[in-house]
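Coordinate-derived values only; no laboratory data. These numbers come from a predicted model, not from an experiment. Cβ placement follows ideal geometry from the backbone for every residue including glycine, while neighbour counts extend to all protein chains displayed.
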Amino acid sequence: MKSTEYRQNWLFYYLLVQGMAGIFWWILLFQMPESRAWFLSEQFPEQVLMSFWLPDFLILILGSFLAAEGYRNHRSWFQPVLYFLTGGISYISLYLLALSISTQAGWLGTGIMLLCTIMMLVVCYVARYDKIRKKY
């Protein structure tokens, strides 16, 4: 019983922290413009980086919060939201990987997003396991 409770709490809090991390990321980029250099290259202009605010807000941040709420309250729409979120994060991660390979820069942001992708795949597995085991 304790492992199920731990797993459920972990999944909820991971999604919550991921959404909050997205908010803090954008606060950092807007409040400390010099931090943008950590994620850029000469071929990757600042405007391109800052253009990600809308998809990050709608998919990463809101999607994470919505998925956390759906999981915590056993909503029927939880899994489609989770899979949409995972797909969105995976897509941008692969885009950033291709960009970093072609420009040989921006590896910090790419690494962070690839880590998020891996974690979201774990979350999907755990959520699916819970549903199959009728714990969800």
Review point. Which residue pairs have Cβ atoms under 8 Å apart, sit 6 or more places apart or on different chains, and have a first residue in segment 101-124 that is without any contact (Cβ under 8 Å) to a residue 12 or more places away in the chain and a second that is part of a helix (DSSP H, G or I)?
Key: Trp107/Ser100
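Just to be sure, is Ser90 touching a residue at least 40 places away in the same chain (Cβ under 8 Å), surrounded by 13 or more Cβ atoms within 10 Å (Cβ to Cβ), polar (S, T, N, Q) and under 22 Å from Trp107 (Cα atoms)?
On the way: touching a residue at least 40 places away in the same chain (Cβ under 8 Å): no; surrounded by 13 or more Cβ atoms within 10 Å (Cβ to Cβ): yes; polar (S, T, N, Q): yes; under 22 Å from Trp107 (Cα atoms): yes.
For Ser90, the condition - touching a residue at least 40 places away in the same chain (Cβ under 8 Å), surrounded by 13 or more Cβ atoms within 10 Å (Cβ to Cβ), polar (S, T, N, Q) and under 22 Å from Trp107 (Cα atoms) - is not met.
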Practice item. Hey, can you tell me all the residues within segment 98-130 that are under 14 Å from Leu49 (Cα atoms), surrounded by fewer than 19 Cβ atoms within 10 Å (Cβ to Cβ) and among the small types (Gly, Ala, Ser)? Key: Ala105
Check your understanding: Just checking, how many residues over segment 37-79 are in contact (Cβ under 8 Å) with a residue 60 or more places away in the chain, within 21 Å of Val122 (Cβ to Cβ) and buried (at least 16 other Cβ atoms within 10 Å of the Cβ)?
Key -> 2
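Find the helices (runs of 4 or more DSSP H) located wholly in segment 29-136 whose residues include 2 or more that are closer than 30 Å to Tyr6 by Cα, and list them.
Numbers: elements: 46-50, 62-72, 78-103, 107-132.
Where helices (runs of 4 or more DSSP H) fall fully within segment 29-136 and carry at least 2 residues being closer than 30 Å to Tyr6 by Cα, they are 62-72, 78-103, 107-132.
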